[in-house]
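J.: The structure is given below, and queries will be raised subsequently.
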Amino acid sequence: MRHLHRMNRFVKHTSPVLLTLLVLAACTTGLQGPPTDRVAAYSEQHRPQFHFSPPAQWMNDPNGMVYYAGEYHLFYQYYPGDIVWGPMHWGHAVSTDLVHWSHLPIALHPDELGYIFSGSAVVDWHNSSGFGENGEPPLVAVYTYHNPELAKAGGRNHEYQAIAWSNDRGRSWTKYAGNPVLPNSENLQDFRDPKVFWHEQSEKWVMALSATDHVQFWGSANLRDWYYLSEFGRGWGAQDGVWECPDLIELRVADTGDKRWVLILNLNPGGPQGGSGTQYFVGDFDGRQFTLDDAFKRTLQAEGAVWLDTGRDSYAGVTWSDIPQEDGRTLFMGWMSNWDYAQEVPTHPWRSAMTLPRELWLEETGHGYRVYSRPAAELRQLRDQTLSIPRARLGDGEEVVIDTGFPITRSELKLEYHLLPAGSYDFGVELSNTQGETYRIGYTSTDNLFYSDRTAAGDASFSDKFAGVHRTVRLEDDGSISLHLFFDSASVELFADDGANVMTDIFFPTEEFTEMRLYSRGDTVELMDGEIYSLKSIWR
């Protein structure tokens, strides 16, 4: 075991570009994605090593996530012409384990109906659409067309829904000749991001669809013909931006076997730390109408909104469809950035990454039902070297330096702390480098907050909205705190108290962080247990 050095001192703190629509012929196979030699590299500064990122060019929302024939499909908003937003395509990758990804050719290209915006994909098991062949179910993608010419002309009918299908495990796609299947007949300014699922009780397909400041629900027997069901959201939750990327799911309640319906809803701007964010609502769905749980309604009336991830950099997250029943999990992934600065971050030749895949479930707490998150179990296969961190007591100004012998910015860290009642605490984890740059993430008993401090974490020159301290109120209130952290080159994901609080942040040190220390700046806190793992790259 490597030695951990104890020091009784403080660490010095240093203090949408819209492009012209590409004229592309509609086809079933599409153009190839970025050159595959980029995959072999994946070694550029700030390049994540165990989060998904495209080989090159611009990426944002995850789309069409579906599991079929042993493969997890990840489609995503993609522009192959630049590292800023442009005419949207659906990029495509597949994985057999949720961890290692193979890049496939672009699935859907813009055409005369517009750009290819966000949406979903399902396995049409009973061939209700009629697109299946040889007794095999088709994959059906449901997506938004965004017509830039109509939008530029000031029209309000520039977004409408369409479908495409695949009979070869998603390798090629055919757009439906009858598109759009859901026109924008009400001339809504924002009418997009269809998330579709099969509702067993009412025996129909249900679509959740963004409509500026609320969600509409539509029904269909065949994925081609849609009829209006209801709407939800006017006046509820955060309303400071456009509602996007809705996802209506049924989640299990831990320890009871019960289930409740949860509506995940992405919002920009108006997130918990500014810019983009992901809120959610707990309630019931009867096949037509979503209604709020009474206790959750009272929470919204008191707090305004409840967030799935309270960091700065998790957005547009949705869940995988068609996860096998024997698996039983609800699996989620989001875009790891924020529209406040996503197009300016200092990465090249790619921009953006996805969050880690996460499992979601419900816990019944003293605050009512809450969605908890934990990293997907498949990520454990990336663990390589393991270092145990001995039990320690850290008083005011005391630190534990973790000498790992492996890169700390490709690591997983688990810490368990014990707190005495009525103590005044401020403790956590600090990363630093030889340039005097530091990043801190931890807990303070002042107002019972977790925090992520990237004010001195490196380059923030690209945006005056980037540097800052992000805080979130701790949901749990017992005498122990667990911090489960993933550091990957230029990002951190915190799963605190077994997933009760989740925070995702990105940062850009001018040189790699090479030192990690545990610190305390208040009453003595007891570290009960700790482990750190080096994590293997998914690209090598």
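The values are calculated or read from the model by the stated rules, or taken from the named source; none is laboratory data. Fair warning: this is a prediction, and the values are worked out from it, not measured in the lab. Using ideal geometry, Cβ is built from the backbone for each residue, glycine included, and neighbour counts are taken over all protein chains shown.
J.: Which ones in the range 178-216 are crowded, with 24+ Cβ neighbours inside 10 Å and hydroxyl-bearing (Ser, Thr, Tyr)?
T.: Of everything in the range 178-216, just one residue is crowded, with 24+ Cβ neighbours inside 10 Å and hydroxyl-bearing (Ser, Thr, Tyr), namely 210.
J.: I've got another one for you. How about the range 217-258: which of its residues are acidic (Asp, Glu) and surrounded by fewer than 20 Cβ atoms within 10 Å (Cβ to Cβ)?
T.: Selection gives 225, 231, 240, 250, 255, 258.
J.: Specify which of the listed residues (370, 380) is of a type in the set (Lys, Arg) and either exposed (fewer than 14 other Cβ atoms within 10 Å of the Cβ) or farther than 21 Å from residue 482 by Cβ (or both).
T.: None of the other options fit; the residue is 380.
J.: Residue by residue through the range 188-222, note down the ones that are on the phi < 0 side of the Ramachandran plot and not in a strand (DSSP E or B).
T.: 188, 189, 190, 191, 200, 201, 202, 211, 213, 214, 221, 222
J.: Within the range 346-364, which residues are in contact with a His (Cβ under 8 Å, 6 or more places away or on another chain) and surrounded by fewer than 24 Cβ atoms within 10 Å (Cβ to Cβ)? Full working, then the answer.
T.: To start, the set of residues in the range 346-364 that are in contact with a His (Cβ under 8 Å, 6 or more places away or on another chain) comprises 346-347, 353-356.
Once the filter is applied, which keeps residues that are in contact with a His (Cβ under 8 Å, 6 or more places away or on another chain) and surrounded by fewer than 24 Cβ atoms within 10 Å (Cβ to Cβ), the range 346-364 yields 346, 347.
J.: Something else now. Just to verify a result, which residue in the range 165-177, among those that are out of contact with any Pro (no Cβ under 7 Å at 6 or more places or on another chain) and aromatic (Phe, Trp, Tyr), is surrounded by the fewest Cβ atoms within 10 Å (Cβ to Cβ)? Full working, then the answer.
T.: Here is the first cut: in the range 165-177, the ones out of contact with any Pro (no Cβ under 7 Å at 6 or more places or on another chain) are 168-177.
With the extra rule that they be aromatic (Phe, Trp, Tyr), the set shrinks to 173, 176.
Details: 173: 26, 176: 17.
Only one residue fits best here, namely 176.
J.: Please verify whether the range 40-54 includes one or more residues that are under 30 Å from residue 460 (Cα atoms), modelled with pLDDT under 95 and either buried (at least 21 other Cβ atoms within 10 Å of the Cβ) or among the aliphatic types (A, V, I, L, M) (or both).
T.: yes
J.: Could I ask something else about it? Please find, among 458, 479, 468, 499, the residue that is modelled with pLDDT under 95, out of contact with any helix residue (DSSP H, G or I) (no Cβ under 7 Å at 6 or more places or on another chain) and of a type in the set (Gly, Ala, Ser). Even if it seems obvious, please write down each step before you answer.
T.: Values: 458 fails: modelled with pLDDT under 95; 468 fails: modelled with pLDDT under 95; 499 fails: modelled with pLDDT under 95.
Within the list 458, 479, 468, 499, the selection yields 479.
J.: Of these, 283, 311, 287, 304, which one is in contact with an Asp or Glu (Cβ under 6 Å, 6 or more places away or on another chain), modelled with pLDDT of 95 or more and surrounded by fewer than 23 Cβ atoms within 10 Å (Cβ to Cβ)?
T.: The match here is 283.
J.: Got a number for residues in the range 244-262 being among the basic types (Lys, Arg) and either at pLDDT below 95 or closer than 21 Å to residue 289 by Cβ (or both)?
T.: Here the count works out to 2.
J.: Checking the condition among the aliphatic types (A, V, I, L, M) and surrounded by fewer than 20 Cβ atoms within 10 Å (Cβ to Cβ), which residue from 162, 121, 141, 151 passes?
T.: Details: 162 fails: surrounded by fewer than 20 Cβ atoms within 10 Å (Cβ to Cβ); 121 fails: surrounded by fewer than 20 Cβ atoms within 10 Å (Cβ to Cβ); 141 fails: surrounded by fewer than 20 Cβ atoms within 10 Å (Cβ to Cβ).
Every option except 151 fails the conditions.
J.: Show me the strands (runs of 3 or more DSSP E) entirely contained within the range 468-509 in which 2 or more residues are over 22 Å from residue 422 (Cα atoms), in contact with an Asp or Glu (Cβ under 9 Å, 6 or more places away or on another chain) and small (Gly, Ala, Ser).
T.: none
J.: Which residues, counting only those in the range 365-392, are of a type outside the set (S, T, N, Q), assigned to a strand (DSSP E or B) and modelled with pLDDT of 95 or more? Walk me through how you get there before you give the answer.
T.: Looking only at the range 365-392, we keep the residues that are of a type outside the set (S, T, N, Q), and these are 366-372, 374-380, 382-384, 387, 389-392.
So of that shortlist, the ones also assigned to a strand (DSSP E or B) come out as 368-372, 374-375, 383-384, 387, 389, 392.
Listed by number, the residues that qualify are 369, 370, 371, 372, 374, 375, 383, 384, 387, 389, 392.
J.: Are any residues in the range 255-303 small (Gly, Ala, Ser), closer than 30 Å to residue 465 by Cα and either part of a strand (DSSP E or B) or not assigned by TED's automatic domain parsing to the domain that holds residue 366 (or both), and if so, which ones?
T.: Of everything in the range 255-303, just one residue is small (Gly, Ala, Ser), closer than 30 Å to residue 465 by Cα and either part of a strand (DSSP E or B) or not assigned by TED's automatic domain parsing to the domain that holds residue 366 (or both), namely 277.
J.: For the structure I just gave you, tell me whether residue 462 is in the same structural domain as residue 394 (by TED's automatic domain parsing) and over 20 Å from residue 500 (Cα atoms).
T.: In short, yes.
J.: Only one of these is closer than 21 Å to residue 197 by Cα, assigned by TED's automatic domain parsing to the domain that holds residue 244 and in contact with a Pro (Cβ under 9 Å, 6 or more places away or on another chain): 103, 158, 92. Name it.
T.: 92
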